[in-house]
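Down below is the structure, laid out as structure tokens.
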């Protein structure tokens, strides 16, 4: 960094102050002051670093932020963001003695009372669930009452209500607002209690629910974990393999270098996604396999950069000098070459994390990535694609999430490149 | 620099002139494109465009076995018998004058051809040509690349002969109760000798492809489209109502649905998912209908593998499942719960599983589990397998619902395992790898036997109720109940009396449910969605589904268009 | 002549001419370099193809099982495997595969219609070309203009806006962009078709010569078809082009900035030459060489982007073909596509290198 400062206008104005200040102040302050040199690039890096930190926090503790279990079926399907679920309510004739679910209980052995529900809405399963809960409570009580209503399914709400009017069913369980819309057509019917005991304002979902009633927000937050695990693991594996190979090849040279470079170049030149598709197809769907598939793609990136830098640093006078006074190879690698490649490795790493997340999402979109029940953005996007016209929120939010995370990492890489790339230094 | 530029320009010129040279002469004789230059605001009045995601795999009746292939073959080819359009259970004569005569022993079927039947290119259809075509199926069918079509003939047919120009005689190896159904399939339609060589399979003959049916294929581009035009020599009762049908292939259902909304296609027919169906339903100008199809989903239980070798576990699962919930929460009520492997409408179908288990019944499920020592403290660990894509992307969703239902017993812990299709199907049907997994089935011929035998005989596609054994057709039943099941199935297969046959299949279903050989879940209706100016002919029973019924036969001839 | 042969000629003839020209005119060092490159390229393709061959065979799946599903009895599966030659010893199959590769025959597909792979590719490959060529041009236009403009306004608002553009574009999942394009322009406004390469009715009138529909329509003078082809091209091209342009903006910007710092530019600036001329006349011209080279090397990004774009827009190209065939375990199709891709990538990078060496006399080998 020190060689850059003399190019900055401020430094020209008061060079001594800066130098003195730099000697005395701490790291945090130094980073903060650096914004004067780098202007918007400093902001690029800082903002993206904060974003990255935020995402990492979410990824570490998704449970703290997520209102629900990402896998649980917690609400009705396709509930729009912020909308309230339509509560299942008991409907019966005006003169019926039935008012709540427990009134449908009958002594063991008697015919089960019929309850009408509508196909395709969750009232039937809500009824089943609630009846089971109540039944578990009452079955050991004296009186031998059991709550096991017979559920009759009707294709439409009108038909279900008509069944109650005609006496074919003792009651119906329907959705409150849907019933209210056509209640005037059925003057002999009245509503009873909500069977779940919830109120109309309960259980909204900030980002809505998906096609089977999972909470989109919770899946989004848990998805951060999956995305970052894939992004980081793949990049770290690639780094751990690529950097030493590059150092070694660059340092040793010879036919080993040539052979390895050929392999790496062919790997590098080949379309990454296509290679990843082939690898995941071989290994099968799992998180580990997707990480391996993506890591393989990035090994050459590290290899090429590190090898190139090693080659050029090796030629530097001070390295030659160290060699001539008898420094061992390992020492030279450690002391002179390794520190020189760290900045570029850091940049590649941050760009690779971004790229790995994108590639992972692409694989999931093609149905080749992770097991489809996992809370992952790519999976959710592929899932949402099928409902793009009915449930825009299912595709919008995972898409945005991918974009923001990728943006954070690539912006950091972009800013760092601008700061570190010697070719871009102003003269 | 300069010379390089010139070099590049020159080489470019060379290439362009080469191409023009190569194509110029070929281009000149091309007739001006027929009236197809109107803007694509809707489709032309005389043309109906059908969108699909199915690819055509073969035009050869001796080879074709895929759904779409059969549909195409049956529109360009008539068989001796056919299904009455719009029905799923009524056979009627087509090329034959009547339903044929059956000998006393059930081994000989005799048919007489109608007069004046010609292929679309003018060739007369003689009894000999028909017999040759079936013999071609018997000899080369098993060696065709798809290799399955022959399996609808070789196990049943001993010989086919043409004693005179109009008479065809089939001799069977043993009585087959469903032989007329087989005769109505695409496999038994006559192949045009001018399109298909006698001694080898030809999956993709040069267009035009002519048959005895109402249409012929005038041109096609694989993976893009197939164009049908009316067969000038067709004399049957299914006369084409429009002058052109185009079947256009889409890479995915989403695009197919959008194309329908945009008016780029008139009909979206297979394979729209329930979600797209739900989206399109209620769109102005669009009609969306469901057809109760024969495509079922069920759980395969491996009866020789722990923990499914314990009958209590199988019964507990059968008691805990709530099929209605699957339909409601995953499919928005668009699939129908299935309580027997034989879908409703088929001979002898009855809802045995409902009668026997009345699921969901958690109390009963808990009892079964407790009987085998599984409790909340010592839950049954279950690995359930499924293919992520093959049965639709929603498979994972309903597997999650099933997981929730089983875990509601408190004594089962389910781990869901996804495995890519080709690996999955090998492992599951091999009967050695997975204790429980999901499969789908679609009939080969519409008959109850085709919904029961495959899951019992010879390993039963991984159920192992009758272990596969060399040299036997049925394998070795693993217990007395399984033996009883095999015996009943064998009896029913040769029974030609319909009432007795139905009765036998009812008994079969009872034993089947008691064993929980497989666990039927639901059947997937087929969805057909079309623009409101398309109509199915009112002459047949189900014009609203464009006369597609349970056999899922689509006669393009019943389609009309009123712009 | 088959479309694939025509296209091979279109690409191959200029390539060979170019190579021959360079070879004759170039220095000994250059000649040596080209020979080495060719000698290295072929084993590279060979290694990749061999790898794919064996990897596909150790996959647990099987094309026959995959196609038949639960309907295949073991006997039937064995019989069909036999017909397809899948029961032969691996080494025999490998020999056959090598033979097919050398003769560029590729064999027959193992599923569905069992068509020759060459036939399938002569439908798929032109589709991909027709998508990637206009996309690259669009990306190049945006990239070069935007990058140069950003470089000329370095550290000013316009520069930062262009940089943000390139980062944001890079961060967009391409399939998401495609879907939103479809929704907005196809469904909401109904301006453009959202799927396929050509209107199905007009498609019946097209004459398949190169299977590049735009070219076919142009040389047969079928204007209705040309219009339809162009309409269908818009959305996929814009989607893929936009995504690519992000990378291109970035590369151009960096290279132009580098060039602007060269001594001769400083000298020119000192002579009072206008900044505009400096940037667009001098710097861009000189920066173009490395830019074009770098962009030539982006063929990998291009092909990967094409896979996803083809999926979203139902575009019957090579990427879609590969994805489809991997899942049905169509060994021959997969290994052929990968081999062709490898060949393509190798050839393009070779060509880029050679052109680079030709136009930049500073490069010495």
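For residue B:209, state whether it is more than 10 Å from chain C (Cβ to nearest Cβ), under 30 Å from residue C:126 (Cα atoms) and under 22 Å from the mean Cα position of the chain (by Cα). Here the answer is no, as residue B:209 does not meet what is asked. Within the stretch B:321-368, being away from chain A (no Cβ under 11 Å) and closer than 22 Å to residue A:121 by Cβ holds for B:321, B:338, B:339, B:354. For the stretch A:40-94, a residue qualifies if it is under 30 Å from residue A:116 (Cα atoms), in contact with a helix residue (DSSP H, G or I) (Cβ under 6 Å, 6 or more places away or on another chain) and in a loop (DSSP other than H, G, I, E, B), and the qualifying residues are A:81, A:86, A:87.
Any residue at all in the stretch B:173-180 that is closer than 27 Å to residue B:498 by Cβ and in a helix (DSSP H, G or I)? So far as the stretch B:173-180 goes, yes, one or more of its residues are closer than 27 Å to residue B:498 by Cβ and in a helix (DSSP H, G or I).
Reported count of residues in the stretch B:282-337, each being at pLDDT 90 or above, part of a loop (DSSP other than H, G, I, E, B), within 28 Å of residue A:78 (Cα to Cα) and touching a helix residue (DSSP H, G or I) at 6+ places or on another chain (Cβ under 7 Å), is 2.
The helices (runs of 4 or more DSSP H) located wholly in the stretch A:243-362 that include 1 or more residues which are within 14 Å of chain C (Cβ to nearest Cβ), without any contact (Cβ under 8 Å) to a residue 12 or more places away in the chain and touching a helix residue (DSSP H, G or I) at 6+ places or on another chain (Cβ under 6 Å) occupy A:254-269, A:272-283, A:287-315.
Using the structure shown, decide if residue C:77 is modelled with pLDDT of 75 or more, part of a helix (DSSP H, G or I) and surrounded by fewer than 16 Cβ atoms within 10 Å (Cβ to Cβ). Considered against the rule, which asks whether it is modelled with pLDDT of 75 or more, part of a helix (DSSP H, G or I) and surrounded by fewer than 16 Cβ atoms within 10 Å (Cβ to Cβ), residue C:77 comes out as no. Only residues that are outside any loop (DSSP other than H, G, I, E, B) and buried (at least 23 other Cβ atoms within 10 Å of the Cβ) were counted in the stretch B:57-72, giving 3. Can you name the residue in the stretch C:197-223 that is within 7 Å of chain B (Cβ to nearest Cβ) and assigned to a helix (DSSP H, G or I) and is also surrounded by the fewest Cβ atoms within 10 Å (Cβ to Cβ) among such residues? For the stretch C:197-223, the residue satisfying everything is C:219. Against the test of being under 13 Å from residue C:335 (Cβ atoms), at pLDDT below 75 and within 11 Å of another protein chain (Cβ to nearest Cβ), the options C:59, C:51 yield a single qualifying residue, C:59. Of all the numbered requirements in (1) under 17 Å from residue B:441 (Cα atoms); (2) surrounded by fewer than 22 Cβ atoms within 10 Å (Cβ to Cβ); (3) at pLDDT 90 or above, residue B:390 misses one, and that requirement is (3).
Of the helices (runs of 4 or more DSSP H) lying entirely inside the stretch B:406-509, the ones with 3 or more residues being within 11 Å of another protein chain (Cβ to nearest Cβ) are found at B:421-429.
The single condition from (1) touching a helix residue (DSSP H, G or I) at 6+ places or on another chain (Cβ under 8 Å); (2) in a helix (DSSP H, G or I); (3) more than 30 Å from residue B:538 (Cα to Cα) that residue B:147 fails is (2).
Taking the stretch C:83-189 as the region of interest, the helices (runs of 4 or more DSSP H) fully inside it that hold 1 or more residues being over 17 Å from residue C:248 (Cα atoms) and in contact (Cβ under 8 Å) with a residue 40 or more places away in the chain are C:90-102, C:117-152, C:174-181. Residues that are surrounded by fewer than 21 Cβ atoms within 10 Å (Cβ to Cβ) and farther than 11 Å from residue B:530 by Cα within the stretch B:260-269 comprise just one, B:262. Residues being facing another protein chain (nearest Cβ under 8 Å), buried (at least 22 other Cβ atoms within 10 Å of the Cβ) and at pLDDT 80 or above are represented in the stretch A:389-400 by at least one member. If the condition is being over 25 Å from the mean Cα position of the chain (by Cα) and more than 9 Å from every other protein chain (Cβ to nearest Cβ), then the stretch B:264-282 contributes only B:282.
The one condition from (1) in a loop (DSSP other than H, G, I, E, B); (2) surrounded by fewer than 20 Cβ atoms within 10 Å (Cβ to Cβ); (3) in contact with a helix residue (DSSP H, G or I) (Cβ under 7 Å, 6 or more places away or on another chain); (4) more than 14 Å from chain C (Cβ to nearest Cβ) that residue B:373 does not meet is (3).
When residue C:93 is tested against (1) away from every other protein chain (no Cβ under 11 Å); (2) within 21 Å of residue A:258 (Cβ to Cβ), only condition (2) is not met. Of the set (1) crowded, with 22+ Cβ neighbours inside 10 Å; (2) touching a residue at least 40 places away in the same chain (Cβ under 8 Å); (3) part of a helix (DSSP H, G or I), all apply to residue A:130 but (1). Does residue A:407 satisfy being within 12 Å of the chain's Cα centre (by Cα) and surrounded by fewer than 24 Cβ atoms within 10 Å (Cβ to Cβ)? Taking the combined requirement at face value, the residue does not satisfy it.
Confirm whether residue B:151 is within 14 Å of chain C (Cβ to nearest Cβ), surrounded by fewer than 21 Cβ atoms within 10 Å (Cβ to Cβ), within 22 Å of the chain's Cα centre (by Cα) and without any contact (Cβ under 8 Å) to a residue 60 or more places away in the chain.
Yes.
In the stretch B:231-251, the qualifying residues are those that are over 19 Å from residue C:205 (Cβ atoms) and crowded, with 20+ Cβ neighbours inside 10 Å, and the one that is farthest from the other protein chains (Cβ to nearest Cβ) is B:238.
For the stretch C:188-196, the criterion of being surrounded by fewer than 23 Cβ atoms within 10 Å (Cβ to Cβ), at the interface with chain B (Cβ under 9 Å from one of its Cβ atoms) and within 30 Å of residue A:381 (Cα to Cα) is satisfied by at least one residue.
The values are calculated or read from the model by the stated rules, or taken from the named source; none is laboratory data. Being a predicted model, the structure only gives us computed values, none of them experimental. All Cβ positions, even for glycine, are placed from backbone atoms using ideal geometry, and neighbour counts span all protein chains on display.
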